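So the structure is just underneath, and the comments pick up after that.
Nothing in this text is a laboratory measurement; each read-out follows from the coordinates by a stated rule. Model, not experiment: these values are computed from the prediction. Reconstructed Cβ throughout: ideal geometry from the backbone, glycine too, with neighbour counts over all protein chains shown.
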Amino acid sequence: MKKAIFLMGLLCLSFIAFQACAQDKSKRPSPPASASVTTHNGVTITIDYSQPAIKGRTLGKDIAPYGQVWRTGANEATVFQINKDVSIDGKTLKAGKYSLYSIPGKDEWTFILNKTWNQWGTEYNQKDDVMRFTAKPLKHAFTERMTFTIAPSGEVSLLWGDVSVGFMVK
């Protein structure tokens, strides 16, 4: 009986240790990242995301396929957070947290802000969309890992592969 209890305890400790290691997000192939800035207008914009890498793949074909809803990152949904009501593409967005999805395209990207932010990235449901807006991609110096930058002016840019696509938060 003591041996069975000992083995069960050992099994439980092994499971806990395994779970602790599995939770280290920095060890993921697409590690977590964050971009945050307080704009000249006092709006704090924060984006929490995971950084997929190109790894020799073609953007729009092998990864983030053109014309399809994409989680705009990897792993959990990318979280876009603002501390005040803002305007994006002439549309009002209330302060809060949103998941950020996109529909990449060769000539235009559609960004989607969705009210369900605390979820795995592939669990997108269109009925929860709060806002959609478009942006034109531009050629940019090659960036292996998807990266968000936010300027004090409120300009948000996604840099990945040889593309930069952005939008203004006012």
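In this Cβ point-charge picture (+1 for Lys and Arg, -1 for Asp and Glu), segment 29-168 has a dipole of about 80 debye about its Cα centre.
Per-peptide packing, taken as the mean over residues of other Cβ atoms within 10 Å, places 72-80, 89-97 in the sequence 72-80, 89-97 from highest down.
May I ask for log10 I(q)/I(0) of segment 97-170 at q = 0.13, 0.18, 0.20 Å⁻¹, from a Debye sum over the Cα atoms as equal point scatterers with solvent left out? Taking Cα atoms of segment 97-170 as identical point scatterers yields -0.41, -0.78, -0.94. Reported value for segment 36-98: 118 Å³ per residue, from the convex hull of its C-alpha atoms.
Close amide-amide hydrogen proximity is noted between Ala77 and Gln119, Trp120, Gly121, each under 5 Å apart and 5 or more residues distant or on a separate chain (H modeled in the peptide plane; Pro and chain starts excluded). For segment 74-126, what class follows from the C-alpha gyration tensor (a ≥ b ≥ c being the square roots of its eigenvalues): rounded when a/c is under 1.5, otherwise prolate if a/b is larger than b/c, else oblate? Oblate. Of all DSSP beta bridges confined to segment 55-108, the antiparallel ones make up roughly 90%. Modelled this way, with points 7 Å down the Cα-to-C-beta line, the labels at Leu138 and Asn125 are 3.8 nm from one another. If you sort the three axes of the alpha carbon gyration tensor as a ≥ b ≥ c, you get a/c under 1.5 for segment 25-170, which makes it rounded.
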